[in-house]
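Student: The following block contains the structure, expressed as structure tokens.
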Amino acid sequence: MGDTYDVIVVGLGVAGAYVSHTLSKAGFKVLAVDVKSYERLGDKPCGDAIGKHHLEFLNLMDLPQNIVEGSVRGIDIYSPSENVRFRVVGDGYLIDRIELVKYLVRQALNSGLEIATNTAAVSPIVRDGSIRGVILWKEGKSVEVAARVVIDASGNARAIARRLPRDWPVSEELDMVDSNIAYREVRRLQHEVEESDILRIYVSKQVAPGGYWWLFPYSHRDSYVNVGLGIQGGRGYQDPKTLLYQYVLSREMFKNSELVEAGGALVPTREPLSTLVWNGIAVIGDAAYTVNPVHGGGKGSAMVSASCVSKAVVEGMETGRVDAESLWNANLCYMSNYGVKQAVLNVFRLFLQELSDEDIEFGMSRRIIREEDLNTLSLKGYLELSVIDKAHRILAGLRRPSLLLKLKTVSEYMSKVRALYESYPQSPRELPMWSQRVKNLLSEYRARVLRGGG
Ligand code: FDA
Ligand code: GRG
């Protein structure tokens, strides 16, 4: 481990591994550190699902076969009673996350990356308004390492970002109500799963308050499934492991199944961090809250943020400047490729988490929301008003007009948030005013639509 680098990457999950790979390939002197041992890199509890579109965007369509553990052609979403089922079609994969991270790290090592495993980044070195490096902790010793850019890819730890000055927008903390706590097990069943290329999501406030439980079959590994449950954080709900055992693993299909892996973690489910970059620092992946707020999937978008930051760092280094202004394109890239959709979906997430099981059952069985709406919603982040209007006609005079009216208002706020995120600031100087507008719009939304408004 030398003492001066172009870039230090803190954390080698998917985000850190991807950015280490692209920046090493671009010829920079990069050091990546992780608290884990080399063998455990990438070993984080996950449902392992990823959309094909992400792999296309990230140039990862040629992954070695051993990394792909399943092919996906759609997701079935079940209503609380499980009597109504929507099929959302879309291609994807189940990925061996450890092998994916190792694959990216090996490529980066071939391009000259240095790694320090069993090493914790403990704090940033900040001087004259910019990051100058990090303090690492390795084998009982503290070491100062200088770098022109530090990339925090440490997931929920936010090891660097959370220790930055409060007036740096990248330091913004996560409110626990904007998180999900998810627990999952990999199990081998006694029998094969029908339609093993279909993922299953079960929405039920009783079983998974503020989240859902899922069953994802590994279609390339006979009778292996990923089964888990997420609950909203900060609300005092029962822990997801207890709920999974009580309501899900007690079912007949899991009888005599073999436990292969178990574990849980926190998932941020909110709008993106207002900026991925500041002076000498970039934040990516879960550390930058890049997860899809509606379904909690974050591997693809973590790597999208890594790709955007990587391009901006290359540009910044070429001009010899790595301040917020020079790295700003990272934000424009992330917003246009994922952040706008993420912010819009967050509006929908807040609404979903307020609904009762009766509302969801009613909405799905009466087709207030339909399969095709969920398709557009998940792909593009649009909830189309025309469909709501159609439903309005069908529903006129029926039992829950207030639900429909609320959905209309939700859709209006989704459009307003979209417009605001599409006009994301062109430079850091405009950020405070824009952030204030986001804050005001979300407060207005909460007051009007959530807590009984309409
Ligand atoms: P990640 O947390 O993976 O990596 C951070 C790295 O930083 C770790 O290796 C850690 O050791 C290291 N680190 C932390 N502190 C450090 C320090 N101080 N110094 C050095 N290193 C440090 N997503 C998805 O796309 N599909 C899915 O099916 C699911 N399912 C799912 C299920 C469950 C149960 C959970 C908890 C989460 C998911 N997700 C998911 C979300 C997904 O797992 C998540 O978004 C990504 O793994 C985030 O990747 P990152 O690289 O950002 O962080
Ligand atoms: C916030 C309501 C709410 C629930 C979250 C945390 C949690 C519940 C679930 C765990 C995460 C999980 C199982 C995610 C899998 C979701 C999934 C199907 C991901 C793959 O979709 P992509 O990669 O997603 O196509 P995007 O939206 O990024 O295109």
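The values are calculated or read from the model by the stated rules, or taken from the named source; none is laboratory data. This one's a predicted model, so the numbers in the text were calculated from it and none came from an experiment. Note: ideal-geometry Cβ built from the backbone for every residue, glycine included; neighbour counts use all protein chains shown.
Student: Would you say Glu82 is surrounded by fewer than 16 Cβ atoms within 10 Å (Cβ to Cβ) and among the charged types (D, E, K, R)? Can you show your working first?
Tutor: Working: surrounded by fewer than 16 Cβ atoms within 10 Å (Cβ to Cβ): yes; among the charged types (D, E, K, R): yes.
Yes; evaluated as a whole, the condition is true for this residue.
Student: In segment 204-227, which residue that is in a loop (DSSP other than H, G, I, E, B) and near ligand 2 (Cβ under 9 Å from one of its atoms) is farthest from Glu82 (Cα to Cα)?
Tutor: So in segment 204-227, the residues in a loop (DSSP other than H, G, I, E, B) come out as 204-211, 218-223.
Those left that are additionally near ligand 2 (Cβ under 9 Å from one of its atoms): 208, 210-211.
Values: Ala208: 14, Gly210: 17, Gly211: 16 Å.
Per the criteria, the residue is Gly210.
Student: May I pose another question? From the list Gly280, Gly296, Gly316, pick out the single residue that is in contact with a strand residue (DSSP E or B) (Cβ under 9 Å, 6 or more places away or on another chain) and near ligand 1 (Cβ under 10 Å from one of its atoms). Break it down stepwise before answering.
Tutor: Values: Gly280 fails: near ligand 1 (Cβ under 10 Å from one of its atoms); Gly316 fails: near ligand 1 (Cβ under 10 Å from one of its atoms).
Exactly one of Gly280, Gly296, Gly316 is in contact with a strand residue (DSSP E or B) (Cβ under 9 Å, 6 or more places away or on another chain) and near ligand 1 (Cβ under 10 Å from one of its atoms), namely Gly296.
Yes/no matrix, rows are residues, columns are (1) surrounded by fewer than 22 Cβ atoms within 10 Å (Cβ to Cβ); (2) more than 16 Å from ligand 2 (Cβ to nearest atom); (3) at pLDDT below 95:
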residue	(1), (2), (3)
Gly16	no, yes, no
Val19	no, yes, no
Val33	no, yes, no
Ile67	yes, no, no
Phe86	yes, no, yes
Gly92	no, no, no
Ile98	yes, yes, no
Arg106	yes, yes, no
Ile115	yes, yes, no
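Student: Under 8 Å between Cβ atoms, at least 6 apart or on separate chains: pull out the pairs that start in segment 270-288 with a residue that is more than 14 Å from Cys308 (Cα to Cα) and end on any residue that is within 15 Å of ligand 1 (Cβ to nearest atom) and basic (Lys, Arg).
Tutor: As it stands, the answer is Ala287/Arg158, since those pairs meet every condition given.
Student: Determine, yes or no, whether Arg184 is touching a Cys at 6+ places or on another chain (Cβ under 9 Å) and either in a strand (DSSP E or B) or farther than 22 Å from Gly42 by Cα (or both).
Tutor: Working: touching a Cys at 6+ places or on another chain (Cβ under 9 Å): yes; either in a strand (DSSP E or B) or farther than 22 Å from Gly42 by Cα (or both): yes.
Criteria met by Arg184.
Student: Please go through segment 245-276 and give me each residue that is assigned to a loop (DSSP other than H, G, I, E, B) and either outside the structural domain of Tyr218 (by TED's automatic domain parsing) or closer than 30 Å to Leu174 by Cβ (or both), ordered by number. Talk me through it step by step, then tell me what you get.
Tutor: So in segment 245-276, the residues assigned to a loop (DSSP other than H, G, I, E, B) come out as 249-251, 255-257, 269-276.
The answer is Leu249, Thr269, Arg270, Glu271, Pro272, Leu273, Ser274, Thr275, Leu276.
Student: Answer yes or no: is there a residue in segment 290-304 that is crowded, with 24+ Cβ neighbours inside 10 Å and more than 14 Å from the chain's Cα centre (by Cα).
Tutor: No, every residue in segment 290-304 fails to be crowded, with 24+ Cβ neighbours inside 10 Å and more than 14 Å from the chain's Cα centre (by Cα).
Student: Let me ask another. Looking at (1) surrounded by fewer than 17 Cβ atoms within 10 Å (Cβ to Cβ); (2) within 16 Å of ligand 1 (Cβ to nearest atom); (3) at negative phi; (4) not hydrophobic (A, V, I, L, M, F, W, C), which is the one condition that is false for Arg166?
Tutor: With respect to (1) surrounded by fewer than 17 Cβ atoms within 10 Å (Cβ to Cβ); (2) within 16 Å of ligand 1 (Cβ to nearest atom); (3) at negative phi; (4) not hydrophobic (A, V, I, L, M, F, W, C), Arg166 is out only on (2).
Student: Filter segment 330-344 down to the residues that are surrounded by fewer than 21 Cβ atoms within 10 Å (Cβ to Cβ) and either touching a strand residue (DSSP E or B) at 6+ places or on another chain (Cβ under 9 Å) or without any contact (Cβ under 8 Å) to a residue 12 or more places away in the chain (or both) and list them by number.
Tutor: Once the filter is applied, which keeps residues that are surrounded by fewer than 21 Cβ atoms within 10 Å (Cβ to Cβ) and either touching a strand residue (DSSP E or B) at 6+ places or on another chain (Cβ under 9 Å) or without any contact (Cβ under 8 Å) to a residue 12 or more places away in the chain (or both), segment 330-344 yields only Ser336.
Student: Regarding segment 57-71, can at least one residue be identified that is in the same structural domain as Arg321 (by TED's automatic domain parsing) and aromatic (Phe, Trp, Tyr)?
Tutor: No, that holds for no residue.
Student: Does segment 51-64 contain any residue that is away from ligand 2 (no atom under 16 Å from the Cβ) and closer than 18 Å to Asn226 by Cβ?
Tutor: No: segment 51-64 contains no residue that is away from ligand 2 (no atom under 16 Å from the Cβ) and closer than 18 Å to Asn226 by Cβ.
Student: State whether the residues of segment 365-384 include one that is touching a strand residue (DSSP E or B) at 6+ places or on another chain (Cβ under 7 Å), of a type in the set (Asp, Glu) and outside any loop (DSSP other than H, G, I, E, B).
Tutor: yes
Student: Right, another one. Can you confirm whether segment 287-303 contains a residue that is within 15 Å of ligand 2 (Cβ to nearest atom), of a type in the set (Phe, Trp, Tyr) and either in the same structural domain as His21 (by TED's automatic domain parsing) or not in a helix (DSSP H, G or I) (or both)? Before you say what the answer is, go through the steps one by one.
Tutor: Of segment 287-303, the ones within 15 Å of ligand 2 (Cβ to nearest atom) are 288-303.
Checking which are of a type in the set (Phe, Trp, Tyr) leaves us with 289.
So of that shortlist, the ones also either in the same structural domain as His21 (by TED's automatic domain parsing) or not in a helix (DSSP H, G or I) (or both) come out as 289.
Within segment 287-303 (the criterion being within 15 Å of ligand 2 (Cβ to nearest atom), of a type in the set (Phe, Trp, Tyr) and either in the same structural domain as His21 (by TED's automatic domain parsing) or not in a helix (DSSP H, G or I) (or both)), the answer is yes, since at least one residue qualifies.
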